[in-house]
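**Q** Take a look at the following structure, please.
The values are calculated or read from the model by the stated rules, or taken from the named source; none is laboratory data. Here the structure is a predicted model, which means the values were calculated and not measured. Backbone-built Cβ (ideal geometry, glycine too); neighbour counts: all protein chains shown.
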Amino acid sequence: MYIPCVILALIVLANIYLGARKAAAGEPVPMLFGFSPLVVLSGSMEPAIYPGDVVLIRRQAEEAYQVGDIATYLDGATVYTHRIAAIDNGFYTMKGDANNTTDEVITADRFMGKVVLIIPKLGYLILFIKRPVGMAVMAIAVLLVAYSGALIQKIRKKPVGAKR
(Lines give C-alpha, C1' and ligand atoms only; values in the text may rest on other atoms or scores of the structure.)
Protein backbone atom coordinates (compact mmCIF):
# COMPACT_ATOMS: atom_id res chain seq x y z
CA MET A 1 0.00 0.00 0.00
CA TYR A 2 2.84 2.37 0.82
CA ILE A 3 5.06 1.41 -2.15
CA PRO A 4 3.42 3.94 -4.53
CA CYS A 5 3.87 6.65 -1.89
CA VAL A 6 7.54 5.77 -1.46
CA ILE A 7 8.13 5.81 -5.22
CA LEU A 8 6.29 9.12 -5.54
CA ALA A 9 8.29 10.57 -2.65
CA LEU A 10 11.58 9.51 -4.28
CA ILE A 11 10.55 11.10 -7.58
CA VAL A 12 9.55 14.32 -5.81
CA LEU A 13 12.81 14.41 -3.83
CA ALA A 14 14.87 13.80 -6.99
CA ASN A 15 13.06 16.66 -8.74
CA ILE A 16 13.55 18.98 -5.77
CA TYR A 17 17.26 18.14 -5.79
CA LEU A 18 17.57 18.72 -9.56
CA GLY A 19 15.58 21.96 -9.35
CA ALA A 20 17.69 23.24 -6.48
CA ARG A 21 20.91 22.42 -8.35
CA LYS A 22 19.60 24.24 -11.40
CA ALA A 23 18.55 27.30 -9.40
CA ALA A 24 21.39 27.51 -6.88
CA ALA A 25 24.34 26.37 -8.96
CA GLY A 26 23.10 27.72 -12.28
CA GLU A 27 23.54 24.34 -13.96
CA PRO A 28 21.42 24.27 -17.13
CA VAL A 29 21.26 20.45 -17.01
CA PRO A 30 21.73 19.21 -13.43
CA MET A 31 22.56 15.52 -13.05
CA LEU A 32 21.65 12.95 -10.42
CA PHE A 33 23.92 9.86 -10.50
CA GLY A 34 24.95 10.84 -14.04
CA PHE A 35 21.34 11.02 -15.34
CA SER A 36 18.99 13.90 -16.05
CA PRO A 37 15.37 13.97 -17.24
CA LEU A 38 14.47 16.68 -19.75
CA VAL A 39 11.12 17.72 -21.19
CA VAL A 40 11.17 18.18 -24.97
CA LEU A 41 9.56 21.47 -25.99
CA SER A 42 10.04 21.56 -29.76
CA GLY A 43 9.30 19.29 -32.70
CA SER A 44 12.80 19.39 -34.16
CA MET A 45 13.34 15.66 -33.49
CA GLU A 46 10.03 14.35 -34.84
CA PRO A 47 9.20 11.54 -35.49
CA ALA A 48 11.77 10.07 -33.05
CA ILE A 49 10.88 12.45 -30.21
CA TYR A 50 7.77 14.63 -29.95
CA PRO A 51 7.04 17.79 -27.94
CA GLY A 52 5.87 16.74 -24.48
CA ASP A 53 8.06 13.64 -24.37
CA VAL A 54 10.61 13.22 -21.59
CA VAL A 55 14.12 12.13 -22.50
CA LEU A 56 16.46 10.64 -19.93
CA ILE A 57 20.05 11.46 -20.72
CA ARG A 58 23.17 9.80 -19.32
CA ARG A 59 26.57 11.42 -19.10
CA GLN A 60 29.21 9.42 -20.98
CA ALA A 61 32.79 9.65 -22.19
CA GLU A 62 33.49 11.79 -25.27
CA GLU A 63 34.69 8.84 -27.34
CA ALA A 64 31.43 6.94 -26.72
CA TYR A 65 29.38 9.28 -28.95
CA GLN A 66 28.67 7.82 -32.39
CA VAL A 67 26.96 8.96 -35.59
CA GLY A 68 23.24 8.34 -35.19
CA ASP A 69 23.18 8.85 -31.41
CA ILE A 70 20.70 11.34 -30.03
CA ALA A 71 22.57 13.61 -27.65
CA THR A 72 21.89 16.71 -25.59
CA TYR A 73 24.30 19.62 -25.85
CA LEU A 74 24.58 23.22 -24.77
CA ASP A 75 24.66 26.28 -26.99
CA GLY A 76 25.26 29.01 -24.43
CA ALA A 77 22.46 28.50 -21.90
CA THR A 78 20.18 26.83 -24.45
CA VAL A 79 19.82 23.05 -24.34
CA TYR A 80 19.33 21.09 -27.58
CA THR A 81 18.63 17.40 -28.06
CA HIS A 82 19.54 16.44 -31.63
CA ARG A 83 21.07 13.55 -33.57
CA ILE A 84 24.78 13.32 -34.36
CA ALA A 85 24.84 13.55 -38.17
CA ALA A 86 28.61 13.39 -38.67
CA ILE A 87 31.89 13.23 -36.79
CA ASP A 88 35.10 14.66 -38.23
CA ASN A 89 38.33 14.77 -36.18
CA GLY A 90 36.57 15.45 -32.86
CA PHE A 91 34.00 17.83 -34.33
CA TYR A 92 30.34 16.78 -34.24
CA THR A 93 27.69 17.93 -36.68
CA MET A 94 24.25 17.90 -35.03
CA LYS A 95 20.87 17.91 -36.74
CA GLY A 96 17.26 17.72 -35.64
CA ASP A 97 15.49 14.96 -37.59
CA ALA A 98 12.73 17.37 -38.68
CA ASN A 99 15.11 20.21 -39.55
CA ASN A 100 16.22 20.95 -43.11
CA THR A 101 19.69 22.13 -42.11
CA THR A 102 22.36 21.00 -39.69
CA ASP A 103 23.22 22.85 -36.49
CA GLU A 104 26.60 24.39 -35.91
CA VAL A 105 29.54 22.03 -35.54
CA ILE A 106 30.38 21.40 -31.87
CA THR A 107 33.08 19.74 -29.80
CA ALA A 108 32.38 16.90 -27.37
CA ASP A 109 32.91 19.08 -24.30
CA ARG A 110 29.51 20.68 -25.01
CA PHE A 111 27.67 17.35 -24.71
CA MET A 112 25.56 16.94 -21.58
CA GLY A 113 24.62 13.34 -22.28
CA LYS A 114 23.22 10.73 -24.62
CA VAL A 115 19.49 9.96 -24.75
CA VAL A 116 18.99 6.52 -23.20
CA LEU A 117 15.20 6.56 -22.69
CA ILE A 118 12.22 8.35 -24.22
CA ILE A 119 8.97 8.50 -22.23
CA PRO A 120 6.13 9.70 -24.46
CA LYS A 121 3.88 12.56 -23.25
CA LEU A 122 5.09 12.53 -19.62
CA GLY A 123 6.43 16.04 -20.11
CA TYR A 124 2.92 17.47 -20.29
CA LEU A 125 2.25 16.19 -16.77
CA ILE A 126 5.58 17.55 -15.52
CA LEU A 127 4.91 20.98 -17.02
CA PHE A 128 1.41 20.97 -15.45
CA ILE A 129 2.77 20.04 -12.02
CA LYS A 130 5.26 22.93 -12.17
CA ARG A 131 2.35 25.41 -12.32
CA PRO A 132 0.65 26.50 -9.05
CA VAL A 133 -2.61 24.70 -9.89
CA GLY A 134 -0.64 21.58 -10.75
CA MET A 135 1.20 21.73 -7.44
CA ALA A 136 -2.12 21.97 -5.59
CA VAL A 137 -3.57 19.00 -7.51
CA MET A 138 -0.40 16.98 -6.79
CA ALA A 139 -0.52 17.82 -3.07
CA ILE A 140 -4.17 16.74 -2.86
CA ALA A 141 -3.39 13.51 -4.74
CA VAL A 142 -0.51 12.70 -2.38
CA LEU A 143 -2.72 13.30 0.66
CA LEU A 144 -5.50 11.13 -0.78
CA VAL A 145 -3.10 8.28 -1.50
CA ALA A 146 -1.39 8.61 1.88
CA TYR A 147 -4.62 8.55 3.90
CA SER A 148 -6.79 6.31 1.74
CA GLY A 149 -5.45 3.10 3.31
CA ALA A 150 -6.16 4.28 6.85
CA LEU A 151 -9.61 5.51 5.89
CA ILE A 152 -10.53 2.22 4.21
CA GLN A 153 -9.37 0.29 7.28
CA LYS A 154 -11.49 2.47 9.59
CA ILE A 155 -14.56 1.94 7.43
CA ARG A 156 -14.04 -1.85 7.33
CA LYS A 157 -13.59 -2.14 11.12
CA LYS A 158 -16.93 -0.50 11.98
CA PRO A 159 -19.54 -3.05 13.04
CA VAL A 160 -22.48 -3.69 10.77
CA GLY A 161 -25.37 -1.37 11.55
CA ALA A 162 -23.13 1.22 13.24
CA LYS A 163 -23.73 4.82 12.31
CA ARG A 164 -21.17 6.33 9.98
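**Q** Looking only at the range 6-23, decide whether some residue is in contact with a Lys or Arg (Cβ under 9 Å, 6 or more places away or on another chain), surrounded by fewer than 17 Cβ atoms within 10 Å (Cβ to Cβ) and among the basic types (Lys, Arg).
**A** No: zero hits.
**Q** Now for a different question. Step by step: first the residues of the range 45-57, then only those that are surrounded by fewer than 18 Cβ atoms within 10 Å (Cβ to Cβ) and in contact with a Ser or Thr (Cβ under 8 Å, 6 or more places away or on another chain), then the one that is farthest from Asn100 (Cα to Cα). Which residue is that?
**A** Leu56
**Q** Please go through the range 131-164 and pick out each residue that is surrounded by 10 or more Cβ atoms within 10 Å (Cβ to Cβ), under 30 Å from Leu41 (Cα atoms) and at pLDDT 80 or above.
**A** Matches in the range 131-164: Arg131, Gly134, Met135, Ala136, Val137, Met138, Ala139, Ile140, Ala141.
**Q** A follow-up question, please. Within the group Gly68, Gly90, Gly76, which residue is touching a helix residue (DSSP H, G or I) at 6+ places or on another chain (Cβ under 7 Å) and surrounded by fewer than 13 Cβ atoms within 10 Å (Cβ to Cβ)? Talk me through it step by step, then tell me what you get.
**A** Numbers: Gly68 fails: touching a helix residue (DSSP H, G or I) at 6+ places or on another chain (Cβ under 7 Å); Gly76 fails: touching a helix residue (DSSP H, G or I) at 6+ places or on another chain (Cβ under 7 Å).
Result: Gly90 is the single residue among Gly68, Gly90, Gly76 that is touching a helix residue (DSSP H, G or I) at 6+ places or on another chain (Cβ under 7 Å) and surrounded by fewer than 13 Cβ atoms within 10 Å (Cβ to Cβ).
**Q** Starting from residues that are in a loop (DSSP other than H, G, I, E, B) and within 20 Å of the chain's Cα centre (by Cα), keep the ones in the range 100-130 and report whichever is farthest from Met45 (Cα to Cα).
**A** For the range 100-130, the residue satisfying everything is Lys130.
**Q** Moving on. Please verify whether Tyr92 is hydroxyl-bearing (Ser, Thr, Tyr), more than 24 Å from Pro47 (Cβ to Cβ) and either in contact with a Phe, Trp or Tyr (Cβ under 8 Å, 6 or more places away or on another chain) or free of Cβ contacts under 8 Å to residues at least 24 places away in the same chain (or both), treating the condition exactly as stated.
**A** no
**Q** Which is of a type outside the set (A, V, I, L, M, F, W, C), loosely packed, with under 15 Cβ neighbours inside 10 Å and in contact with a Lys or Arg (Cβ under 7 Å, 6 or more places away or on another chain), of Thr107, Thr102?
**A** So the residue among Thr107, Thr102 that is of a type outside the set (A, V, I, L, M, F, W, C), loosely packed, with under 15 Cβ neighbours inside 10 Å and in contact with a Lys or Arg (Cβ under 7 Å, 6 or more places away or on another chain) is Thr102.
**Q** Tally the residues that are touching a strand residue (DSSP E or B) at 6+ places or on another chain (Cβ under 7 Å), within 22 Å of Tyr17 (Cα to Cα) and either of a type in the set (A, V, I, L, M) or assigned to a loop (DSSP other than H, G, I, E, B) (or both), restricting the search to the range 30-60.
**A** Count: 12.
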